[in-house]
1. Among the residues of the range C:91-114, write down those that are within 12 Å of B:G37 (Cα to Cα) and part of a helix (DSSP H, G or I).
2. Taking the range A:89-117 on its own, how many of its residues are among the hydroxyl-bearing types (S, T, Y) and either surrounded by fewer than 16 Cβ atoms within 10 Å (Cβ to Cβ) or in a loop (DSSP other than H, G, I, E, B) (or both)?
3. If you take the residues in the range C:211-222 that are more than 10 Å from every other protein chain (Cβ to nearest Cβ) and out of contact with any Phe, Trp or Tyr (no Cβ under 7 Å at 6 or more places or on another chain), which one is nearest to B:T128 (Cα to Cα)?
4. So B:G247 ticks every box in (1) in a helix (DSSP H, G or I); (2) within 12 Å of another protein chain (Cβ to nearest Cβ) but one. Which box is left unticked?
5. Looking for something assigned to a loop (DSSP other than H, G, I, E, B), in contact with a helix residue (DSSP H, G or I) (Cβ under 7 Å, 6 or more places away or on another chain) and over 23 Å from C:R170 (Cβ atoms) - is there at least one such residue anywhere in the range A:73-84?
6. For the range B:194-215, how many residues are away from every other protein chain (no Cβ under 11 Å) and either among the charged types (D, E, K, R) or surrounded by 16 or more Cβ atoms within 10 Å (Cβ to Cβ) (or both)?
7. Select, from C:T182, C:T236, the only residue that is modelled with pLDDT of 90 or more and either surrounded by fewer than 21 Cβ atoms within 10 Å (Cβ to Cβ) or more than 7 Å from every other protein chain (Cβ to nearest Cβ) (or both).
8. Can you pull out the strands (runs of 3 or more DSSP E) entirely within the range A:238-321 that have at least 2 residues that are within 27 Å of A:L339 (Cα to Cα)?
Amino acid sequence: MERDKAGVPAGKALPVTIRHLAKHYGVVKALDDVSLSIAPGEFVTLLGPSGSGKTTLLMTIAGFARPNAGSIMVGETEVVRLPPHKRDIGMVFQNYALFPHMTVGQNIAYPLRLRRIPRPEIDRRVERVLELVQLGGYGSRRVDELSGGQRQRVALARAIVFEPRILLMDEPLSALDKQLRERMQIEIRRLHDQLGTTTIAVTHDQREALTMSDRVAVLHQGCLMQFAEPRRLYERPANRFVAEFIGESSFLPVTVEGGAARYCGQVLTLAEPAREARRHLLLLRPEKLVFLNGTADPSVENRFVGRVVDAVFQGESVLLTVVLAGGDEILARLPNRQLDRGGVPAAGSEIHLGLSAEDALLIPGED
Amino acid sequence: MSTVVSLMPRDRSPNVEALRRDQSRERLLLFSLCSPGLLIVLFLLFLPIGWLFFFSFVDGAGNPTFEHYRRIWTEGAYVQIFAVTFQVSVLVTGICVLLGYPLAYCLSQVSSRWSGILMLGVLVPFWTSLLVRTYAWLVLLQRRGLVNSMLIDLGIIDQPLRLVHNLTGTVIGMVHIMLPFLVLPLYASMRSIDMTYLRAAANLGASPIRAFWQIYFPLSLPGLVAGLVLTFILCLGFYITPAVLGGGRVQMIAQRIEASVHLYPTWGPASALGVVLLLLTVAVLLASHWLIGAWRRRIG
Amino acid sequence: MENHVTHRQRLWLYGLTGLVLFYLVVPTFIVIPMSFSDSRSLMFPPRALSWRWYEEFFTKPQWQDALVVSLKVSFFTTLLATPIGTAAAYGLHLGRFAFGGLIYGSLIASLMVPVILIAIGTFFLFAQLDMVNTIPALVLADTLLAVPFVLVTVAAGLKGYDMNQEQAARSLGASRLKAFLTVTLPQIRRSVLAGAFFAFIIAFDEVVIALFLSGGDGATLTKVMFSSLRDEVDPTIAAISTMLVFVTTVPPLLAHLFGRRRRQN
């Protein structure tokens, strides 16, 4: 595939392998035995709430935080003991960290000058990368003349102009307003596809993570919860935290005995047969529940009867809070066309909800 | 709790030791940036003063003795010197507070344009050399100097006053030097006082004077104490101005120390005096630290 | 700003402030007309005007030699104290050591110790090393006094500086040192220069230590001036004072005004 000089030729993208990374501050574990394998050219997002360790992990890869143990390989090179300036990693900081005493062009030329690239080549590359981020001709502008979105693109340009092995981004879009953020999500993804560089980004916004990434690593209190494609994280979360963090969710306690899963005595039909005899939770995505008004729909294997506690009309759907026979409260999101001519179910009325087997997923419960 | 199992044969990386060493090396590097400064302080401050400390307890033959301290304690001349030093320090500090508090208050109350201009009136003398200012007072205060000439012209006095080469001149000169040291920290602390407290008090019916004493003044105390302590400590150890404007009639500790170095064959007397001065300084610092701490705890 | 006290009620305050400021400022500038007096006496206002005391300063060897000594000492003190203070400020800012407070306290200890003690201490030290009345001795002692000023000034400058930029520079391929020199230093240079200026002035103005550590041919300007003040006042001092007033007040004033202008823009 034909690639720009400012891009990375297909064969040059590198994998990143992180093994058993640990970092603690006193008794607090910022990173707890984290291991990840990132494929060459992949766009991976580290997702999690604050304190999850995602920023620590990124900083460790960049070289600004030193782990207590573990290995980080970029391609064939072990980088965990290298200082940041020897890792050949491009990084976009949350507040962009542009050099105010230099022009846009000088900012971008900085890494090239450090590598002693001849002047004409520098000028060419700077202009090329400015075109790439759609800031052509901005070379002589000063940093304080730029808007937030423009600064972000300069920061990006500066991080990729020297063709780094991998690209890191620390909450690159958090300082932008909503409209700009959504536009930049697409921009960044486009840029990534064009360059092909392995990219690792950090965000706390799950929507952003799901939109931009090939795979997402969900972190919680220093532990890796799950590392998978966005769809898989949503459809098949590995544990309660991931299920709750991504998308809406309700849970029902389920016991497994003799190969059968039961909720309040009722046998459930699941997508995958239950294995271990331990406490489980049935994951209910509100939008997967089907409204059954008395008719026995054979395609829906699991039925639940409950009482409506609250109903909120939200435009294209209605969010219902339902209490089931067992006393558990769950959320159901029903699109308008599923409801009766009668409209929104009244509070206190009985309601029948269905869940097809393939949407019935068990996840490990607390012990 | 890792859910991804490594597919590579080599599972655990044994680099915990290496990483710890990297960490130590980096901290050492940053510490070494401070080391030239620390070396200078060690060899030019702590070491010599430690040496002097030692010498204050040793007599001419090298035997340990309390003679030097005993002499300070008993001889009248020394008692006189300490008395004078304290008198002057308290007097100067007191006058600085009386003149400096209103000045700092005014500076903190006027618009920022005015305070910038007026502040220059404090800063410019502050920046000017100590010798220059001492000389200026010498010129102003002597028999046919500006002050006496003006007073005579205005008919306030007949004979020129003796304003220099005595305690009066020393105090006038020292207040001039010390005033910025009191005003600057005090002003800084006053600026951070929220005026809404006073407006609230006025709202509740307190007269301006009452509001001032019960609310504003206590809030300004930390800055006042900081400036006061700084001024007092500087006065205790002051040399130049008393030496020049005192005309030999005002003997403070610092001058006695200087004289002792040249008068006596050993370091004993000078170092003993020096130790006493140092202890006084430390005592004042500790007392103020404790006072501010106690005040802070009371405020809660 | 609406106030609970009117300007009229404050008249006494403004009056007192005016008097105090007058008291502060006038002596500083009184030396200027004095320096143009023709006579030896300290009479003010001077009866006749002339340049003779300026001539005296620039021709008599006792003053010129002293000036050279003072300039040399101040120059080398600045050269020594500025990097030491800057490095210490930088190291403390980054290091976040457990004993950071102790290190900082030690580095500014010379501010709190009465100068007379530092003077006899260093006099004692250099007497042992047979270095009294040498330029290096004076430079080292003045550096001890100047480092805290550089440290505090640069530390304040670093506080307002975004360390992320240094990290960015390092991620782009610059070593720690290179990142500091190309990115951090250009941005804190105002603080560093201010610190350097302080160091120079402190060394140049220093009297007490110079009294002990310098003498005769190697005497500093301040020592010669002090001796004259104590014994027989030489009116040349007025001329020197005038020049000193300009040197020590004009640069900070300019910096102050420039700073204002820049902030307005």
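1. Within the range C:91-114, C:G91, C:L92, C:I103, C:Y104, C:G105, C:S106, C:L107, C:A109, C:S110 meet the criteria.
2. Final tally of qualifying residues: 1.
3. Residues of the range C:211-222 that are more than 10 Å from every other protein chain (Cβ to nearest Cβ), as a first pass: C:213-220.
Filter again for out of contact with any Phe, Trp or Tyr (no Cβ under 7 Å at 6 or more places or on another chain), leaving C:214-220.
On the way: C:S214: 22, C:G215: 24, C:G216: 26, C:D217: 26, C:G218: 24, C:A219: 21, C:T220: 18 Å.
The selected residue is C:T220.
4. (1)
5. The answer is no; no qualifying residue exists.
6. Within the range B:194-215, residues that are away from every other protein chain (no Cβ under 11 Å) and either among the charged types (D, E, K, R) or surrounded by 16 or more Cβ atoms within 10 Å (Cβ to Cβ) (or both) number 3.
7. So the residue among C:T182, C:T236 that is modelled with pLDDT of 90 or more and either surrounded by fewer than 21 Cβ atoms within 10 Å (Cβ to Cβ) or more than 7 Å from every other protein chain (Cβ to nearest Cβ) (or both) is C:T182.
8. Where strands (runs of 3 or more DSSP E) fall fully within the range A:238-321 and carry at least 2 residues being within 27 Å of A:L339 (Cα to Cα), they are A:250-257, A:266-268, A:279-284, A:290-292, A:302-313.
The values are calculated or read from the model by the stated rules, or taken from the named source; none is laboratory data. On a predicted model such as this, the values are computed, not experimentally measured, just so you know. Ideal geometry is used to build each Cβ from the backbone, glycine not excepted, and the neighbour counts take in all protein chains shown.
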